[in-house]
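A.B. asks: Structure in structure tokens, see below.
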Amino acid sequence: MKLFDIQHKVIVITGRGGALGKGIAKGLLESGAQVVILSRSQTTVDSA
């Protein structure tokens, strides 16, 4: 049983540069969400 469904939802993550943000983004993607990543550093976003 799913607690909630995030398929086809857009999730915005800020401060994704750390390990926690990266893990959250990965989990959301695996659950079917579309993920938008925001960071102060373009290189951080590019490496995502």
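A.B. asks: Any chance region 13-24 includes a residue that's at pLDDT below 85 and in a strand (DSSP E or B)?
C.D. replies: Step one: list which residues in region 13-24 are at pLDDT below 85, which gives 14-22.
From the residues that got through so far, the ones that are in a strand (DSSP E or B) too are 14.
Looking for residues that are at pLDDT below 85 and in a strand (DSSP E or B), one finds at least one in region 13-24, hence yes.
A.B. asks: So, one more: Given the conditions (1) assigned to a helix (DSSP H, G or I); (2) more than 9 Å from the chain's Cα centre (by Cα), report the number of the one that Gly32 does not fulfil.
C.D. replies: The single condition Gly32 does not satisfy is (1).
A.B. asks: Name the pairs whose Cβ atoms lie under 6 Å apart, with the first residue in region 31-48 and exposed (fewer than 12 other Cβ atoms within 10 Å of the Cβ), the second outside any strand (DSSP E or B), and 6 or more positions between them or separate chains?
C.D. replies: Gly32/Gln7
The values are calculated or read from the model by the stated rules, or taken from the named source; none is laboratory data. Remember, it's a predicted structure, so these values are computed and weren't measured experimentally. Cβ coordinates were reconstructed from backbone atoms using ideal geometry, including for glycine residues, and neighbour counts include every protein chain displayed.
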